[in-house]
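Everything below concerns the one structure shown next.
The values are calculated or read from the model by the stated rules, or taken from the named source; none is laboratory data. Please read all numbers here as calculations on a predicted model, not as lab measurements. Neighbour counts are summed over all protein chains in view; Cβ atoms, including those assigned to glycine, are modelled from backbone coordinates with ideal geometry. Each accessible area value is taken on the protein alone, full model and side chains, heavy atoms only, with ligands, DNA and RNA left out. Shrake-Rupley method; radii C 1.70, N 1.55, O 1.52, S 1.80 Å.
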Amino acid sequence: VQLQASGGGLVQAGGSLRLSCAASGRTFSSYAMGWFRQAPGKERDFVGGINWIGGTKLIADSVKGRFIISRDNAKNTVYLQMNSLKPEDTAVYYCAAPSSRYVTNNVNEYGYWGQGTQVTVSS
C-alpha cells in the first residue's frame, strides 16, 4: 500500500491546518488508518486513529478537543483537521496503516507509512 500525506505548512499559533493522506494499492475501506507525529529528538507519537468505516476513533489526550480525524472511503483518503494549533504541535506528521480494520494506538501495529509532512506552528 502507498500512502501520500499532504497539507502541512507554517501556521501561527491558534491557526488551523488540514492534513490529507491518499492511499492506494489495497482496499482502503477494509483497514483502519492512523496519524502519528515526530518532533526533532523525540519518539514518534500517536495522534489519532480511525477504524475502517469511521465509526470508532481514538485521539491522543494531547490533542483531544483540537484535532479531528475523519476518512472518506470513496476518495481513499484520511484527514486530520488540526485546530487551535500550538507551537508544541510542531512536528513531522505521518499517516500510517495497520493490517487490521480495528483502530489502534500501538505504533508497532502499523506496517505501512507515508513520507511525512512538516507542520510548523509559530508563536
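Has segment 63-82 got any residue that is more than 20 Å from residue 23 (Cα to Cα), open to solvent by 40 Å² or more (accessible area, probe 1.4 Å) and free of Cβ contacts under 8 Å to residues at least 60 places away in the same chain? Yes: segment 63-82 contains one or more residues that are more than 20 Å from residue 23 (Cα to Cα), open to solvent by 40 Å² or more (accessible area, probe 1.4 Å) and free of Cβ contacts under 8 Å to residues at least 60 places away in the same chain.
Within segment 44-65, no residue satisfies the criterion of being among the polar types (S, T, N, Q) and not in a loop (DSSP other than H, G, I, E, B).
Put simply, of 85, 19 the only residue that is over 22 Å from residue 107 (Cβ atoms), under 15 Å from the mean Cα position of the chain (by Cα) and open to solvent by less than 50 Å² (accessible area, probe 1.4 Å) is 85. Summed over segment 28-62, the residues that are open to solvent by 40 Å² or more (accessible area, probe 1.4 Å), within 13 Å of residue 76 (Cα to Cα) and of a type outside the set (Gly, Ala, Ser) give a count of 3. The residues of segment 88-119 that are open to solvent by 50 Å² or more (accessible area, probe 1.4 Å) and either assigned to a loop (DSSP other than H, G, I, E, B) or more than 14 Å from residue 35 (Cα to Cα) (or both), listed by number, are 88, 99, 101, 102, 105, 106, 115. Residues in segment 7-20 that are assigned to a strand (DSSP E or B) and closer than 12 Å to residue 94 by Cβ: 19 alone. Cβ-Cβ distances below 8 Å connect the following pairs, each with a first residue in segment 4-15 that is closer than 16 Å to residue 34 by Cα and open to solvent by 40 Å² or more (accessible area, probe 1.4 Å), a second residue that is part of a loop (DSSP other than H, G, I, E, B) and not acidic (Asp, Glu), and a separation of six or more residues or different chains: 4/114; 4/115. Test of understanding: among 23, 74, which residue is farther than 16 Å from residue 119 by Cα, hydrophobic (A, V, I, L, M, F, W, C) and in a loop (DSSP other than H, G, I, E, B)? Residue meeting the stated conditions: 74.
Going by what's in this entry, would residue 41 be described as in a strand (DSSP E or B), free of Cβ contacts under 8 Å to residues at least 40 places away in the same chain and over 13 Å from residue 119 (Cβ atoms)? So residue 41 does not fit the description; no. Using the structure shown, decide if residue 49 is within 16 Å of residue 22 (Cα to Cα), in contact with a Gly (Cβ under 7 Å, 6 or more places away or on another chain) and among the small types (Gly, Ala, Ser). So residue 49 passes the test.
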